[in-house]
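**Q** Would you mind keeping the following structure in view while I ask a few things?
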Amino acid sequence: MTSGVLRQVADAEAVARVAVDLVVDAAFRSVAERARFTLALAGGSTPRRLYQFLASAPFRERVGWDRTHVFFGDERHVPPDHPDSNYRTAREALLDHVAVASVHRMRGEDPDAAAAAASYEAELHRFFGLATGDPPPPLDLVLLGLGPDGHTASLFPGSAALDERSRWVVAPFVRQLYAYRVTLTLPVLVRAREVLFLVSGAAKADALARVVSPVIGDALPPAARVRPETGAPVWIADREAASRVPKGLWGTT
Ligand code: 6PG
């Protein structure tokens with residue numbers, strides 16, 4: 001069994017509503033302690049409603065956006081205005097509506113995805129003032145989703161990216177999608193001060209159950225390998241997504 005805290009809520013709207021309070025809290029603590037808030041946004045569709053909440057009253061006024069630096073956990077290999085772009089989702093739902101201190105976009109438009117990954121890693125080094133060989137940066141909060149196959153960010157089952165131990169950003173060819181992706185690697189994800197997974201819908205039920213209670217002999221779902229050094233991730237899942245989680249295995253609140 002992997003460790004974690006599972007907060008089971010009614011539906012997708014409740015996932016976003018519970019998550020927005022946790023993001024606001026993390027932002028407040030980060031700014032109070034370090035005068036800035038470094039936030040890595042999740043891709044996919046689940047977090048859109050959370051981003052809309054963050055851009056709306058009363059939550060919008062509760063975040064120090066002028067101290068907030070936005071990063072991305074992963075990006076599709078598409079231009080930033082493409083319908084599949086994680087940046088476009090975040091821009092439309094949040095970034096166009098709040099004045100953040102900086103946005104660090106993965107360049108999905110770069111024809112060479114590996115070059116996009118390398119330039120993002122260089123950007124992380126610059127922003128955090130870290131040299132080659134230094135440990136990865138401790139992002140204050142990383143938001144992540146869960147795929148039906150147990151992937152998170154763009155770390156898919158069977159991918160060599162899961163075994164990356166030194167690079168912070170890679171560009172795996174995802175055979176399940178027949179497409180390249182750009183993604184943070186596990187060394188970065190586990191350095192996060194806080195990790196928050198957002199999971200909604202029956203399609204995720206099997207994956208979430210395998211995260212909470214891995215099947216002996218099966219490969220651990222990639223999402224289950226995100227074990228932050230600072231403590232267990234927080235999972236917010238709606239009833240449909242949590243429907244196959246063995247009762248009582250995690251502190252459900
Ligand atoms: C992506 C994501 C990916 C996503 C899950 C869940 O770029 O697609 O980073 O890991 O979080 O696939 O996606 P949904 O929220 O759309 O179900």
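**Q** Given a Förster radius of 30 Å and the C-beta distance between His125 and Val98 as r, what FRET efficiency does 1/(1 + (r/R0)^6) yield to the nearest 0.05?
**A** That pair, His125 with Val98, gives E of 0.70.
**Q** Right, something else. When the convex hull of the C-alpha atoms of the range 121-162 is computed, what volume per residue in Å³ does it have?
**A** 93 Å³
**Q** Need one number: nm distance between label points at Arg167 and Glu33, each 7 Å from Cα along Cα→Cβ, rounded to one decimal.
**A** That separation, rounded to one decimal, is 3.1 nm.
**Q** Could you give me D for the range 187-253, from Stokes-Einstein at 37 °C and 0.692 mPa s, where the hydrodynamic radius is the Kirkwood radius over C-alpha pairs? Units µm² s⁻¹, please.
**A** Rounded, D is 263 µm²/s.
**Q** Taking the Cα centre as origin and putting +1 on Lys and Arg beta-carbons and -1 on Asp and Glu beta-carbons, what dipole magnitude results for the chain, to the nearest 20 debye? Write down the numbers at each step before the final one.
**A** Details: 29 positive and 29 negative charges, 88 e Å.
Dipole of the chain, to the nearest 20 debye: 420 debye.
**Q** Report the charge-dipole magnitude of the range 6-121 in Debye, nearest 20, computed about the Cα centre from +1 at each Lys and Arg Cβ and -1 at each Asp and Glu Cβ.
**A** The dipole of the range 6-121 has a size of about 400 debye.
**Q** Over the chain, with a Gaussian network built from C-alpha contacts below 10 Å, which listed residue (Ala26, Ala223, Ala35) shows the highest mean-square fluctuation?
**A** In this elastic network of the chain, the residue with the biggest mean-square fluctuation among Ala26, Ala223, Ala35 is Ala35.
**Q** Cut-off 10 angstrom, C-alpha nodes, Gaussian network model of the chain. Which of Ala192, Ala116, Ala219 fluctuates the most?
**A** Evaluated over the chain, the most mobile residue of the options is Ala219.
**Q** Mind jotting down the three principal axis lengths of the chain based on Cα atoms? Whole angstrom, largest first.
**A** 44, 42, 34
**Q** Right, here's the next one. Would the range 25-137 count as rounded, prolate or oblate if I go by the C-alpha gyration tensor, calling it rounded below 1.5 in a/c and otherwise prolate when a/b exceeds b/c, oblate otherwise? Intermediate values should be presented prior to the final figure.
**A** On the way: a/c = 2.47, a/b = 1.15, b/c = 2.14.
Oblate is the answer for the range 25-137, as a/c is 1.5 or above yet b/c matches or exceeds a/b.
**Q** For n ≥ 4 DSSP H runs only, could you compute -39500 (n - 2.57) per run for the chain, divide by its residues and tell me the 222 nm figure to the nearest 500?
**A** -7500 deg cm²/dmol
**Q** Given labels modelled 7 Å from the Cα in the Cβ direction, how far is it in nm from Ala232 to Ser213?
**A** Result for the modelled spin labels: 1.5 nm.
**Q** Still on this structure, please answer the following. Averaged per residue, what accessible surface does the range 65-134 expose to a 1.4 Å probe, in Å²?
**A** Accessible surface, normalised per residue, equals 45 Å².
**Q** Report, as a whole number in µm² per second, the diffusion coefficient that Stokes-Einstein gives for the range 114-253 at 20 °C and 1.002 mPa s using the Kirkwood radius over alpha carbon pairs.
**A** 136 µm²/s
**Q** Just for the Cα atoms in the range 2-82, what are the lengths along the principal axes, largest first, rounded to whole Å?
**A** Cα extents, longest axis first: 34, 34, 33 Å.
The values are calculated or read from the model by the stated rules, or taken from the named source; none is laboratory data. All values derive from a computational prediction rather than experimental measurement. Glycine also receives a Cβ, built like all others from the backbone with ideal geometry; neighbour counts cover every protein chain displayed. Each accessible area value is taken on the protein alone, full model and side chains, heavy atoms only, with ligands, DNA and RNA left out. Shrake-Rupley method; radii C 1.70, N 1.55, O 1.52, S 1.80 Å.
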